[in-house]
Amino acid sequence: MNPTANVDVPRAVEPHEVGNALEWEPRVGEASWWQTRQSRESLVERLLGLFTDPGAGLTRDKTRRRGLGKLLDWLEGQPGETWQDRWMASGADDAGFEWTDLPLQGRGTPKSHWRDELATGLVLLVAGQAIRPSYPWLLRQRVTVMLTEARAASDPDAFHRLEQLAQHATATARSDALNKLTWIVIHKGGLVSDITVGDCIELTSALEEHHFRGSAGRPLFYALLKETGVLSASAPLRLRALRIEGRRSVEQIVDAYAIECRAVRDLLVEYFTERAPELDHVSLRSIARNLCR
């Protein structure tokens, strides 16, 4: 069966068109998980075991060890109880592509290999699930090696099966689908089998928010999940059946949760209206989901 059959580019749909839209909300991000709580010693041992070959003497592996050490030195100076806390407190997630400027502050004119080492160290932290960057940060990086290593470390068998199932597709479409699924696993944690319809909607919204509209309209990643039974039997065949494109108003976001107390509903609307100018739409909906529930 062709996984792309009966799958269309999403269109705008309001919650009442699909029944209870809250059933398809994305998973709530964990505040803490075992990888991000590891001590430095345990984390380094695990990551080097996953991503280097000590006996090979590879230049790549030497760079990875140096980069990981330098990055952890910097993160240990940031406030927080976990590596994720420190990453977010550092401002690096908000800095996007320029995040390496932060650990290099005060070190004079940085040498090019310093940035390379830091970036290499971060590949290990992300692929090894010690930190879970936001979608805006991930989508700005476009680092192929990070996605490749994340697939190999997080759920290699599942990603291999999906790649084989997508052999009929063009190389570009296949790569696009695997990258999308990897972004979800990196950002949400867990395995491919944990991905939900809401996660797919959330990623597509993030792609559009950050101007990857061409990629956002490619539905192969969703079709692969549906074809392999990752998504429930009740999940629609077409992503467009639940997709909400564009920006919903603050009132629409809050009212989707059917809050019975009018005073509480109005307070939330007022709060999110005040916060909206400083947040992208994906972040606004994520915060609203956590509070309105």
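Could you check how many residues of segment 252-271 are in a helix (DSSP H, G or I) and modelled with pLDDT under 85?
Number of matching residues: 3.
Considering segment 100-122 alone, what residues qualify as being closer than 30 Å to residue 285 by Cβ and open to solvent by less than 10 Å² (accessible area, probe 1.4 Å)?
Passing the criteria: only 122.
Report yes if some residue within segment 168-179 is open to solvent by less than 10 Å² (accessible area, probe 1.4 Å), under 13 Å from the mean Cα position of the chain (by Cα), within 24 Å of residue 286 (Cα to Cα) and modelled with pLDDT of 95 or more; otherwise report no.
no
Of everything in segment 83-98, what is closer than 28 Å to residue 49 by Cβ and either open to solvent by 10 Å² or more (accessible area, probe 1.4 Å) or of a type in the set (D, E, K, R) (or both)? Give them in sequence order.
Within segment 83-98, 84, 85, 86, 88, 89, 90, 93 meet the criteria.
Scan segment 104-133 and report the pairs whose first residue is at positive phi and whose second residue is in a loop (DSSP other than H, G, I, E, B), with Cβ atoms within less than 6 Å and a gap of 6+ or a chain change.
129/35
Against the definition (modelled with pLDDT of 80 or more and closer than 24 Å to residue 177 by Cβ), how does residue 235 come out, yes or no?
yes
Taking only pairs six or more apart or across chains, which ones have beta-carbon atoms under 8 Å, a first residue in segment 148-164 that is within 18 Å of residue 132 (Cβ to Cβ), and a second residue that is assigned to a loop (DSSP other than H, G, I, E, B) and small (Gly, Ala, Ser)?
As it stands, the answer is 153/128, since those pairs meet every condition given.
What are the pairs with Cβ atoms under 6 angstrom where one residue, in segment 47-70, is under 16 Å from residue 115 (Cα atoms) and open to solvent by 80 Å² or more (accessible area, probe 1.4 Å) and the other, located anywhere, is assigned to a helix (DSSP H, G or I) and at pLDDT 90 or above? Sequence gap at least six, or different chains.
66/117
Please give the number of the condition residue 19 fails out of (1) within 17 Å of residue 127 (Cα to Cα); (2) at pLDDT below 95; (3) small (Gly, Ala, Ser).
Here residue 19 clears every test but (1).
Can residue 164 be described as open to solvent by 10 Å² or more (accessible area, probe 1.4 Å) and on the phi < 0 side of the Ramachandran plot?
Yes; evaluated as a whole, the condition is true for this residue.
The values are calculated or read from the model by the stated rules, or taken from the named source; none is laboratory data. Everything quoted here is computed from the prediction, not taken from an experiment. Using ideal geometry, Cβ is built from the backbone for each residue, glycine included, and neighbour counts are taken over all protein chains shown. When the accessible area is computed, the model is the full protein with side chains, heavy atoms only, and any ligands, DNA or RNA have been set aside. Shrake-Rupley method; radii C 1.70, N 1.55, O 1.52, S 1.80 Å.
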